[in-house]
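Okay, so here's the structure we're looking at.
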Amino acid sequence: MRQVFILLFFGFSVGISAQEETAIKQTISTFFEGLQTGDTLKIQSVCHKDMKLQSITEKNAIGTLSFDSNSDFYKSIAAIPKNLKIEERLLSYNIQIDGTMANVWTPYEFYVNEKQSHIGTNSFTLLLENNSWKIVHIIDTRRKKI
């Protein structure tokens, strides 16, 4: 009986983790749907009001850190011309969850009008708030593909 209970508990735990991973992936997917369509309201729907944004631009093996405020980020997305097609293709997800915090590592390729602009990796930190995963921090790397 004890073994059955342990197996049931383990199976339930794995199920919760898989559900959480699916919800986290959906949050990130919604973020990029908004990014690609210029829909700042969609982006804001999955971001914490105090979200932090940082980027590391790499050139000649030297990294330069930059910061964006939320309002500047949303303004820059809204200002993307409608005839400019941007697409960030996520290559994989590495998701780690600890209670109400999650970290997601996503290598990506970024395209402008179907032409590769740069590559890098995103690191998202998310908070489970009111049964919904919210992005609280994004830091990414950006470099030209060699």
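What follows is calculated from the coordinates using simple rules that are stated; it is not laboratory data. Keep in mind it's a predicted model, so treat the numbers as computed, not measured. Quick reminder, even Gly has a Cβ in these numbers, built from the backbone with ideal geometry, and neighbours come from all protein chains shown.
Here the Karplus curve 6.51 cos²θ - 1.76 cosθ + 1.60, taken at θ = phi - 60°, turns the phi angles of the stretch 81-90 into couplings of x, 5, 7, 9, 9, 10, 8, 10, 9, 7 Hz, with x standing for Gly and Pro. Our helix-only sum for the chain, with -39,500 (n - 2.57) per DSSP H run of n ≥ 4 divided by its residues, gives a mean residue ellipticity at 222 nm of -11500 deg cm²/dmol. Shown in residue order for the stretch 108-124 are the 3J(HN,Hα) couplings computed by the Karplus curve 6.51 cos²θ - 1.76 cosθ + 1.60 at θ = phi - 60°: 8, 10, 10, 10, 10, 6, 6, 10, 5, 8, 6, 10, x, 9, 9, 10, 9 Hz (x for Gly and Pro). Rounded to the nearest 20 debye, the dipole size of the chain about its Cα centre is 320 debye, using +1 on the Cβ of Lys and Arg and -1 on the Cβ of Asp and Glu. Residues whose amide H falls under 5 Å from that of Met101, counting only those 5 or more places apart or on a different chain, are Leu128, with hydrogens built in the peptide plane. Restricting to Cα pairs below 8 Å that are 6+ residues apart, what does the relative contact order work out to for the chain? Please round to a whole percent. After rounding, I find 21 percent. DSSP assigns beta bridges within the chain; of those with both partners inside it, close to 85 percent run antiparallel. Which loop-located trypsin sites (Lys or Arg not before Pro) does the stretch 34-107 contain, where loop means any DSSP state but H, G, I, E or B and the Cβ has at most 10 other Cβ atoms within 10 Å? Sparse-neighbourhood loop trypsin sites (Lys or Arg not before Pro): Lys82. Helix 2-37 and the long axis of the chain differ in direction by around 20°, with both axes built from C-alpha atoms. Computed 3J(HN,Hα) for the stretch 67-76, one whole-Hz value per residue from the Karplus formula 6.51 cos²θ - 1.76 cosθ + 1.60 where θ = phi - 60°, is 10, 10, 7, 4, 5, 5, 4, 5, 5, 5, glycine and proline marked x. Ordering Phe31, Phe67 from the fewest to the most neighbouring beta carbons within 10 Å gives Phe67, Phe31. Note: the stretch 2-142, Cα convex hull, 127 Å³ per residue.
For Lys85, go through the lysines and keep the ones whose alpha-carbon is under 21 Å away, minus same-chain ones fewer than eight residues off. Filter leaves Lys42, Lys75, Lys115, Lys144, Lys145. Cβ-Cβ distance of Ser71 and Met101, R₀ of 22 Å, FRET efficiency by 1/(1 + (r/R0)^6): the value works out to about 0.30.
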